[in-house]
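> The structure under discussion is supplied below as structure tokens; questions concerning it will follow.
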Amino acid sequence: MPRIPSCDGGRPAERSLAPIIVTRRGKIARLESSLTPHEAQLEDLVFVRKALNRANIPFLLVRNHKNRPILAVDIRLRPAVEQAFAAACVTEPMYAKTIDQKGIPAVLLANGRLSAMGDPRILRLYRQRIAPGGFRYGPAFGVELQFWVFDETVIRCPVENSLTRKVLPRNELVPATVKLYGYKWPTLEGMFTPHASDVTFDIDLVFSWVDGSDPVFRARRAAQMSQYVVGEGDDAEARIRQIDELKYALRSVNMFAPWIRRIFIATDSAPPRWLADHPKITIVRAEDHFSDRAALPTYNSHAVESQLHHIPGLSEHFLYSNDDMFFGRPVKASMFFSPAASRSSSRPRPG
């Protein structure tokens with residue numbers, strides 16, 4: 001495999017404090033209190049990159065449809081890779097999980113082996129992490145390492161990727177570089193060319209929320225609701241009960257949907273005391289996005305929802321949710337939008 005010199009620039013900030021290492025259920029792990037799964041994955045990717053570079057082991061950055069970072073290495077360099085990670089992981093709980101063979105337990109790379117048995121061609125590398133609440137970052141958030149066979153005339157990959165088949169002529173290998181994650185990476189020409197299915201436009205998220213424990217809000221709402229006939233349950237206490245669900249909804253977005261550009265909280269309540277200022281979070285009042293202010297005040301959630309698209313600064317593509325919706329695992333933007341949606345729009349804009 002040809003070695004392509006990399007030019008590092010715009011690197012993400014590196015943490016200087018020594019990690020706290022613990023043992024849980026027979027595995028060594030980092031005690032992690034700040035990194036999201038996505039951030040942890042990228043931190044491990046940079047760690048793997050540095051270990052390979054330090055040992056002068058060439059690699060390629062590869063893309064697949066799952067958007068997981070993948071590094072490909074010449075299979076003949078497997079012994080050198082084992083030695084490189086054994087040296088780099090002396091003080092790190094970095095594990096390797098065999099992916100292309102079932103039932104093989106993960107191994108600690110500091111012990112000098114990539115697998116407990118056999119010679120797998122696909123591994124998932126990850127530093128075991130445990131959050132204070134018990135959430136574990138394991139192989140699901142790992143960096144993939146693939147071993148490719150570079151013969152004189154063909155290249156053999158263990159699986160297909162976004163660019164190549166499993167077997168391709170050697171002369172189709174055109175070296176290139178790509179700028180990602182704050183670094184320039186060696187790759188193949190066309191590997192990171194945008195796909196028709198890529199979601200590249202901005203996506204925002206709007207939460208509707210009220211503080212049902214605020215006595216001022218409750219008094220105003222009760223006064224207005226007394227003027228109307230409401231359906232059974234429409235004025236139930238559960239509809240406005242405040243149990244800080246918004247806090248966990250915001251945390252879930254930060255943890256599992258890092259592609260969200262901005263979050264707007266539509267409310268006429270005072271901001272919750274625990275909510276700190278953040279450049280991605282904006283409190284929006286009804287008077288700021290209702291096209292007809294004569295309809296205010298209103299405590300009708302459907303009326304509020306019908307006016308959300310007028311929020312100043314809101315992206316053309318956005319998600320809307322109540323404050324009791326949480327993401328429980330990583331989600332991709334393509335779960336909600338397709339690129340075809342960005343080519344035309346009939347959504348009215350304010351003004």
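> Could you give the nm distance between label points at residue 156 and residue 78, where each point is 7 Å from its Cα heading toward the beta carbon?
Placing both labels 7 Å beyond Cα along the Cβ direction yields 1.2 nm.
> Here is a further query. Are any of the pairs 50/97; 247/332; 27/179; 66/179 more than 24 Å apart by Cα-Cα distance, and if so, which?
Result: 27/179 exceed 24 Å.
> Please give me, ordered by residue number, the chymotrypsin sites (Phe, Trp or Tyr not before Pro) of segment 259-348 that lie in loop per DSSP and have at most 11 other Cβ atoms within 10 Å.
Here the chymotrypsin sites (Phe, Trp or Tyr not before Pro) that fit, given the DSSP loop and packing criteria, are 274.
> Amide H of residue 116: which non-local residues (sequence gap of 5 or more, or other chain) have their own amide H closer than 5 Å, using H built in the peptide plane?
none
> Based on alpha-carbon centroids, what's the gap between segment 32-95 and segment 275-314 in Å, whole number please?
45
> Tell me the trypsin sites (Lys or Arg not before Pro) within segment 70-111 that lie in a loop according to DSSP and have at most 13 other beta-carbon atoms within 10 Å.
102
> Which value in nm describes the separation of the simple spin-label points at residue 136 and residue 56, placed 7 Å from the Cα toward the beta carbon?
Simple spin-label model gives 4.0 nm for this pair.
> Once the other residues with Cβ under 11 Å from the Cβ of residue 206 are scored (Lys, Arg +1; Asp, Glu -1), what is the net sum?
-2
> Could you run the Karplus curve 6.51 cos²θ - 1.76 cosθ + 1.60 with θ = phi - 60° over segment 93-109 and give me ³J(HN,Hα) per residue in whole Hz, x for Gly and Pro?
x, 8, 10, 10, 10, 6, 9, 8, 9, 7, x, 9, x, 5, 10, 7, 5
> Can I ask one more? GluC sites (Glu not before Pro) within segment 116-185: which are DSSP loop residues with at most 14 other Cβ atoms inside 10 Å?
Here the GluC sites (Glu not before Pro) that fit, given the DSSP loop and packing criteria, are 152, 160.
> Output wanted: per-residue J couplings in Hz (rounded whole) for segment 125-138, from phi through Karplus 6.51 cos²θ - 1.76 cosθ + 1.60, θ = phi - 60°, x for Gly and Pro.
Result, ordered by residue: 9, 7, 8, 4, 10, 10, 7, x, x, x, 5, 10, 9, x Hz.
Laboratory data are not the source of any read-out in this text; all were calculated from the coordinates shown. Fair warning: this is a prediction, and the values are worked out from it, not measured in the lab. Quick reminder, even Gly has a Cβ in these numbers, built from the backbone with ideal geometry, and neighbours come from all protein chains shown.
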